[in-house]
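Reviewing the structure listed below.
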Amino acid sequence: MVAIATLNRRKIWAIALTMALVAVFAAVACSSGDEDDPTAAPAASAQGQLGGDAKSIAERRGLSDADIEAALKTFTPTGVMDEYLMFSSGGHSGQLHVIGMPSMRLLKTIAVFTPESWQGYGIGSNESEEVLEGGRVNGDEVLWGDTHHPALTETAGEYDGEFVFTNDKANARVAVISLKDFETKQIVKNPITLSDHGATMVTPNSEWVIEGGQYAMPLSGDYAPISDYQEKYRGMVTMWKFDRAAGRIDTTQSFAIELPPYWQDLCDAGKLVSEGWFVCGSFNTEMATGGNQDGNPPFEAGASQADMDYLHVFNIEKAIAARDAGKTVQIQGFPVIPLEVAASDGILHLVPEPKSPHGADVTPGGEYIVVSGKLDPHVTIYSFDKIIAAIAAGPAETDSFGVPVLAFDDVVEAQVEVGLGPLHTQFDNKGYAYTSLFLDSAVARWTLGGPYASLNPDPEWSLITKTQVHYNVGHIAAAEGDTVSPDGKYLVSLNKWSLDRFNLVGPLLPQNFQLLDIEGTGEEMPVIYDMPVGFGEPHYAQIIKADKIHAWEVYPEIGFNPLTGEIDPSATLAGEERVERDGNTVHVYMTAVRSHFTPEHVTVKEGDHVAWHITNIERGLDATHGFAMPGKNVSLSIEPGETITTEFDVTDDGVFPFYCTEFCSALHLEMAGYFLVEPSGS
Ligand code: CUK
Ligand code: CUA
């Protein structure tokens, strides 16, 4: 840093907080900082540069120069918007979290697989319950999920800000969320398996959403003893067809590919030079079946014996051709390309990958696939060109299921020793790759070679630096860091353990998102913010430029149904409010506007069925009304313009005060009414 003592000291802190002072520092550096000038004042510390009050605050709080710089890089004054939005999986919460960057302010939690009462999701509204219905597992309601990997829709390999998908590892489900209103529109249940992990990943134009499985099982859903593991248990990957115009996965165009009973892991789609392909890692190619209760080696030992597992390489066009040629079988009513066809038709090839692999990440140009071995200190980089050449040459070997296996040496481009427990890799615009190191609790920066070698001065395929993180990092996410053009700005380390970072809140500790500044080169890669995450264990996140998202301020028209995207047949305008009886079903057509519902009294009889339609007729930003009905498990959130329906049976007579749950105006408490249920005999 350079001296800025010539500026009015008292003004410095104020400027810092209202402008991006980093830029100010840079500007001053350009105008007055001449490192070759022997007469220039020695570089002052950041504290030394601060004016009166600011300096004493920094001293009182014990802030170091690095702390002050970090604060200046992340502090976001009131009313100032963030430059990026991070979509983070919510792990066990079954939700997605939207976090502004660099402020790391939590902006929203999107209810996906789990009912959520603020958004009125799965708490009485017909629309949300219809979405959750799609996620039934063997007919049963499952009201939570284990979200792992969000995937923003892409156009030509760039995030386009239209939709985001995520998976539920616990039940093999995939959800579609619209970024017009940040609401879940669809949940699909994978019909042939019960767990997934290589999900969700999209092809460069989001025609396909990839869902790779995890724990092999009989795809029929039938019982088979574990002794029949190799014969009857199978892995799978599913290609869900996304209909962008409809904003839904088209299940009728979707299909699966049967795989050996290896435990398939993370997947990634090819892009640019590798467009048309996707890859999935795997572990437990040993096909260990555990059983430590009988003295057998536990899974952790049995599944880690071999030196190599298999990266699965898929050809999308050949898979579609096989499907179109009718080479599928129906399993649980779903078309599945049998393993023999996948092997014989060039749909699937295997590539050896070292020691309990985890991540599989394709470089921005699509030239390379980076794979980490959890028990190998290297990242292994495969050349896509070499894979194509090896496939063309005809692999000499197959696995025990007849799937062709390429020779490791034929397809490897490089290996870089990065440290202990490498997992996941992201990219920037300077030819660096970043890999999380679980055991080292660090993020490694290393250089790519080939077409990336000219982007920085460092030698290709070499480790440059590591930044310590706190602690046990799983995924990392860089700004647009898995697209065809990463921004190279911020990187978030999604740490599993937080130990000594935050005030103790009992034995269940939050996770820790640490923000790293990766704009510099070489060894400069500091941690600049810690964000505790006390809501499930996030896995992956994607970070998109905020100006790519064009969310609605209010719903486009009064009476809008967010699920159908059309005017709801029960939409009610001011003056149209009414209660209509149709047999023993009573329809309530209600409006909500500050600060009253109309009608305020609704009278029915015990034994009736009520269909209650509420339209928020507001057009003002943020003028949301809620609707709570005591005893009926109903909590609705009705955004401006929206029409929502809730239905319930009226089983007891009595008097039920309903009210608005959003503090919408000064007279919000008066926004209430009475639901009067007469005894059936009256
Ligand atoms: S996984 Cu959690 S750290 Cu589900 Cu992507 Cu690797
Ligand atoms: Cu509407 Cu409170």
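Here are the numbers for the structure shown:
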read-out: Residues of region 186-207 classified as among the polar types (S, T, N, Q) and closer than 18 Å to GLU154 by Cβ, total; value: 4
read-out: Only one of ALA574, ALA611 that is aliphatic (A, V, I, L, M) and out of contact with any Asp or Glu (no Cβ under 7 Å at 6 or more places or on another chain); value: ALA574
read-out: Filter pass, GLU662 being touching a Lys or Arg at 6+ places or on another chain (Cβ under 7 Å) and acidic (Asp, Glu); value: no
read-out: Selected residue [touching a His at 6+ places or on another chain (Cβ under 6 Å) and more than 19 Å from TYR452 (Cα to Cα)] from SER344, SER372, SER356; value: SER372
read-out: Residue tally, condition part of a strand (DSSP E or B) and open to solvent by less than 10 Å² (accessible area, probe 1.4 Å), over region 85-117; value: 13
read-out: Conditions (1) part of a loop (DSSP other than H, G, I, E, B); (2) crowded, with 23+ Cβ neighbours inside 10 Å: number failed by SER282; value: (1)
read-out: Region 176-193 residues that are closer than 20 Å to GLU207 by Cα, paired with ones that are at pLDDT 95 or above and basic (Lys, Arg) (beta carbon under 6 Å, 6 or more apart); value: VAL176/LYS185; SER178/LYS185; GLN186/ARG248; ILE187/ARG173; LYS189/ARG173
read-out: Unmet requirement for VAL579, which otherwise passes all of (1) open to solvent by 10 Å² or more (accessible area, probe 1.4 Å); (2) under 21 Å from SER128 (Cα atoms); (3) not basic (Lys, Arg); value: (2)
read-out: Residue satisfying all of: in region 590-637; basic (Lys, Arg) and more than 16 Å from ligand 2 (Cβ to nearest atom); nearest to LEU676 (Cα to Cα) among these; value: LYS605
read-out: Region 160-177 - residue that is open to solvent by less than 10 Å² (accessible area, probe 1.4 Å) and of a type in the set (S, T, N, Q) and, of those, farthest from ligand 1 (Cβ to nearest atom); value: THR166
read-out: Yes/no for LYS496 being more than 23 Å from GLY366 (Cα to Cα), open to solvent by 10 Å² or more (accessible area, probe 1.4 Å) and within 24 Å of the chain's Cα centre (by Cα); value: yes
read-out: Residues within region 484-519 that are of a type outside the set (S, T, N, Q), closer than 24 Å to TYR159 by Cβ and not in a strand (DSSP E or B), tallied; value: 7
read-out: Among residues of region 520-545, those that are among the hydrophobic types (A, V, I, L, M, F, W, C), part of a loop (DSSP other than H, G, I, E, B) and either within 16 Å of ILE476 (Cβ to Cβ) or open to solvent by less than 30 Å² (accessible area, probe 1.4 Å) (or both), counted; value: 1
read-out: Residue count for region 646-682, restricted to those that are in a loop (DSSP other than H, G, I, E, B), within 9 Å of ligand 2 (Cβ to nearest atom) and open to solvent by 90 Å² or more (accessible area, probe 1.4 Å); value: 2
read-out: Residue in region 455-465 that is open to solvent by 10 Å² or more (accessible area, probe 1.4 Å) and assigned to a helix (DSSP H, G or I) present; value: yes
read-out: Some residue of region 471-492 being modelled with pLDDT of 95 or more, polar (S, T, N, Q) and under 28 Å from GLY270 (Cα atoms); value: yes
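Residues checked against (1) within 16 Å of ligand 1 (Cβ to nearest atom); (2) touching a residue at least 24 places away in the same chain (Cβ under 8 Å); (3) not small (Gly, Ala, Ser):
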{"site": "THR585", "(1), (2), (3)": "no, yes, yes"}
{"site": "ASP608", "(1), (2), (3)": "no, yes, yes"}
{"site": "ASP622", "(1), (2), (3)": "no, no, yes"}
{"site": "GLY641", "(1), (2), (3)": "no, yes, no"}
{"site": "ASP652", "(1), (2), (3)": "no, yes, yes"}
{"site": "GLY681", "(1), (2), (3)": "no, no, no"}
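The values are calculated or read from the model by the stated rules, or taken from the named source; none is laboratory data. Bear in mind the structure is a predicted one, so any value in this text is a computation, not a measurement. Reconstructed Cβ throughout: ideal geometry from the backbone, glycine too, with neighbour counts over all protein chains shown. In case anyone asks, the SASA skips ligands and DNA or RNA and just uses the protein heavy atoms, side chains included. Shrake-Rupley method; radii C 1.70, N 1.55, O 1.52, S 1.80 Å.
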